[in-house]
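See below for the structure under consideration.
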Ligand SMILES: Nc1ncnc2c1ncn2[C@@H]1O[C@H](COP(=O)(O)OP(=O)(O)OP(=O)(O)O)[C@@H](O)[C@H]1O
Ligand SMILES: [Mg+2]
């Protein structure tokens, strides 16, 4: 039996009764007036470890502690299998940690809630629903008085209001991901988790999506926790980057990214950017070589 317990997993989560305290807070957040004293989007991980075996040996994530501030954009970078998705699942409440705890705005995360929403790499839309219904799904489940209007508001934000009545399969990959982002934002989450959301897109679409996400960030501003394998994407988007160790996954280094770096027209020509990029690439390579058991770099 697995020691880490999978909790209810739903791509749209409806666990909140609109009449409850959590429901009230969500409505407040949606209305842009968070309850007094509530920091919106503070994520705290305390000594989080995850093991999938019953005796708790072979941790895939080991002793991760960190705090993410409201509105901050942080990215996890690291070799394949180091536990990035596992960490997102723990923060999203889809997976309970074996040891340690996670809280959002002081509330322990024990199951998925609409306070924290997810954008996956692909295939996350409801194929049988029109685009507008996909986006309206969360607001409707939360008892929003005008789910359709809310859906249109977020579709406008991602530039897809003209596609409200079509089915997702008629859209390109990039457009589908924009719908997925609109859908995730439509529940007004205070935390948005994005697991390689642009990984399946071609380079040009990906670059446009990155720009769109930067713009959206400033208009809706939830805390974003992002996973990517692309160092330039991480440097372009993030306030902070966590480079992860190879298994058992943990934090190898935390890097604050100076916003001025990404504002420059051609960051690759900027010496500090170049140095930072090389340093991160070297760290990831070091960890990746451990996965392949090639400490000499295979030379
Ligand atoms: N449900 C599960 N049961 C058993 N082992 C699992 C489960 N989910 C993940 N793992 C293991 O945990 C480790 C971390 O997986 P995870 O998917 O978090 O890695 P990742 O960093 O997201 O990798 P990638 O970059 O390839 O997406 C892997 O060794 C994986 O096999
Ligand atoms: Mg993953």
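The values are calculated or read from the model by the stated rules, or taken from the named source; none is laboratory data. Quick caveat: nothing in here was measured; it's all calculated off a predicted structure. Here Cβ is always computed from backbone atoms with ideal geometry, including for glycine, and neighbour counts include all displayed protein chains.
Some notes on this structure:
- Verdict on residue 98 being more than 24 Å from residue 293 (Cα to Cα), touching a residue at least 12 places away in the same chain (Cβ under 8 Å), buried (at least 24 other Cβ atoms within 10 Å of the Cβ) and within 16 Å of ligand 1 (Cβ to nearest atom): no
- Exactly one residue among 171, 160 is over 20 Å from the mean Cα position of the chain (by Cα), within 20 Å of residue 216 (Cβ to Cβ) and surrounded by fewer than 19 Cβ atoms within 10 Å (Cβ to Cβ), and that residue is 171.
- Summed over segment 74-101, the residues that are more than 16 Å from ligand 2 (Cβ to nearest atom) and touching a helix residue (DSSP H, G or I) at 6+ places or on another chain (Cβ under 6 Å) give a count of 1.
- Selection status of residue 236, modelled with pLDDT under 85 and within 25 Å of residue 192 (Cα to Cα): no
- Pick from segment 247-264, criterion under 20 Å from the mean Cα position of the chain (by Cα) and within 21 Å of residue 292 (Cβ to Cβ), ranking: surrounded by the most Cβ atoms within 10 Å (Cβ to Cβ): 249
- Condition check for residue 43: touching a strand residue (DSSP E or B) at 6+ places or on another chain (Cβ under 8 Å), away from ligand 1 (no atom under 16 Å from the Cβ) and closer than 25 Å to residue 231 by Cα: yes
- Of all residues in segment 49-69, those satisfying the criterion of being away from ligand 2 (no atom under 16 Å from the Cβ), in contact with a strand residue (DSSP E or B) (Cβ under 6 Å, 6 or more places away or on another chain) and at negative phi are 49, 51, 59, 62, 65, 66, 67, 68.
- Hey, residue 129 more than 16 Å from ligand 1 (Cβ to nearest atom), without any contact (Cβ under 8 Å) to a residue 40 or more places away in the chain and part of a strand (DSSP E or B) or not: no
Results for (1) buried (at least 17 other Cβ atoms within 10 Å of the Cβ); (2) under 17 Å from the mean Cα position of the chain (by Cα); (3) away from ligand 1 (no atom under 16 Å from the Cβ); (4) modelled with pLDDT under 95, shown as yes or no for each residue.
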site	(1), (2), (3), (4)
74	yes, yes, no, no
113	yes, yes, yes, yes
122	no, yes, no, yes
134	yes, no, yes, no
147	yes, no, yes, no
166	no, no, yes, no
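A quick yes/no check of all residues on (1) closer than 19 Å to residue 244 by Cα; (2) within 13 Å of ligand 1 (Cβ to nearest atom); (3) modelled with pLDDT of 95 or more; (4) surrounded by 15 or more Cβ atoms within 10 Å (Cβ to Cβ):
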| position | (1), (2), (3), (4) |
| --- | --- |
| 21 | no, no, no, no |
| 25 | no, no, no, yes |
| 67 | yes, no, yes, no |
| 81 | yes, yes, no, no |
| 89 | yes, yes, yes, yes |
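- Residue 116 vs. criteria within 16 Å of ligand 2 (Cβ to nearest atom) and in contact (Cβ under 8 Å) with a residue 24 or more places away in the chain: no
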